[in-house]
Amino acid sequence: PVDTVTTFEANDLELGMALDITGSMSGRKLADLKTAATDLISILMPGGVRPNRVRIGLAPYAAAIQLGAYADRASNGTSRDGCVRERTGRSAYLDDSILDGGAYRGTGSFSDIDPTEGRQGYFCPAATIVPLTEDKAALTASISRYVANGATAGHIGAQWAWNLISPNFASLWPSESEPVAYHDRTTTKALILMTDGIFNTAYANANSSAQVLSVCTGLGDKGVKVHTVAFEAPASAKTMLQECARRAGGEFHDARDGDELRQTFVVIAQSLNGLRLTQ
């Protein structure tokens with residue numbers, strides 16, 4: 001017989017999930033993502049009394065990200081469809097507050113789009129960002145409604161997954177969703193960046209792949225635990241995600257099919273929960 005011993009390190013957890021809901025995720029792949037993400041939430045938010053507080057936020061992205069009720073303030077009134085793009089200037093790849101770093105660009109005008117990227121495949125997803133919450137049912141219901149369409153602005157998804165857990169954005173979210181301070185010694189801040197393809201859509205600054213690497217550097221500087229996930233992705237996308245994980249001091253995961261994606265999310269959930277074998 002073999003005896004095993006496990007330990008549970010009960011830190012509180014704030015997790016932002018940047019999930020790819022672009023056109024290439026249509027059909028089986030989107031169904032696989034829904035299953036994997038729901039599994040992760042079930043592991044991190046089991047029924048009954050928990051020894052730690054777990055809050056999760058969702059940032060589903062396509063060619064932009066849908067902020068819904070938060071779009072007007074985040075874009076300084078320039079978003080016409082609830083979606084925003086990246087911002088420019090010194091805070092383009094940081095989590096500086098809107099007051100300190102400026103507003104994000106709305107989607108009302110495309111006159112400044114890079115002619116090599118952006119306009120083709122634009123899609124403002126209906127799936128709205130979900131600020132940090134302990135409501136398991138609300139999270140899983142939101143995921144179940146995802147629809148795949150549009151091109152891939154992964155840097156915008158990564159940035160807003162970060163903004164969900166950044167204390168600098170506390171004033172944008174409802175009081176129950178306000179992130180705690182960095183390095184409070186009791187809370188783990190983590191981010192999942194998942195995609196099945198190349199980041200091919202940007203509107204300012206540089207191409208999407210280059211921009212996301214700058215975001216990853218910023219995440220590493222703040223001590224956020226980053227997990228990047230390639231799902232049936234091409235080699236160039238894997239290279240990008242590996243570099244992102246390296247810059248952030250995080251972990252890269254390669255899922256070659258739906259079963260592996262599900263197992264990857266299970267492994268990430270167990271890691272974030274602090275559940276590990278000690279014997």
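Summary of computed values
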quantity: Extreme residue, farthest from Ala127 (Cα to Cα), among residues of the stretch 154-201 that are in contact with a Ser or Thr (Cβ under 8 Å, 6 or more places away or on another chain) and at pLDDT below 95; calculated: Asn200
quantity: Test: residue in the stretch 125-135 that is at pLDDT 95 or above, open to solvent by less than 20 Å² (accessible area, probe 1.4 Å) and outside any loop (DSSP other than H, G, I, E, B); calculated: yes
quantity: Count of residues meeting criterion [of a type outside the set (A, V, I, L, M, F, W, C) and open to solvent by 40 Å² or more (accessible area, probe 1.4 Å)] in the stretch 175-210; calculated: 11
quantity: Tally, over the stretch 177-206, of residues that are closer than 16 Å to Thr22 by Cβ and of a type outside the set (Val, Ile, Thr); calculated: 8
quantity: Selected residue (criterion: farthest from Thr186 (Cα to Cα)) from residues of the stretch 211-230 that are crowded, with 24+ Cβ neighbours inside 10 Å and of a type in the set (Val, Ile, Thr); calculated: Val212
quantity: Which numbered condition Ala233 misses (of (1) assigned to a loop (DSSP other than H, G, I, E, B); (2) open to solvent by 30 Å² or more (accessible area, probe 1.4 Å)); calculated: (2)
quantity: Output for the stretch 15-58, where each listed residue is closer than 15 Å to Ala138 by Cβ and touching a strand residue (DSSP E or B) at 6+ places or on another chain (Cβ under 6 Å); calculated: Leu15, Met17, Leu44, Met45, Val54, Arg55, Ile56, Gly57, Leu58
quantity: Qualifying residues in the stretch 164-223 (those that are part of a strand (DSSP E or B) and among the aliphatic types (A, V, I, L, M)) - the one nearest to Met25 (Cα to Cα); calculated: Met194
quantity: Of all residues in the stretch 179-198 being touching a residue at least 12 places away in the same chain (Cβ under 8 Å) and of a type in the set (D, E, K, R), the one that is farthest from Glu232 (Cα to Cα); calculated: Lys189
quantity: From the options Phe252, Phe265, residue that is part of a helix (DSSP H, G or I), at negative phi and modelled with pLDDT of 95 or more; calculated: Phe265
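The values are calculated or read from the model by the stated rules, or taken from the named source; none is laboratory data. This structure is a prediction, so every number in the text was calculated from the model and none was measured. Here Cβ is always computed from backbone atoms with ideal geometry, including for glycine, and neighbour counts include all displayed protein chains. Surface areas here come from the heavy atoms of the whole protein model, side chains and all, with no ligands, DNA or RNA. Shrake-Rupley method; radii C 1.70, N 1.55, O 1.52, S 1.80 Å.
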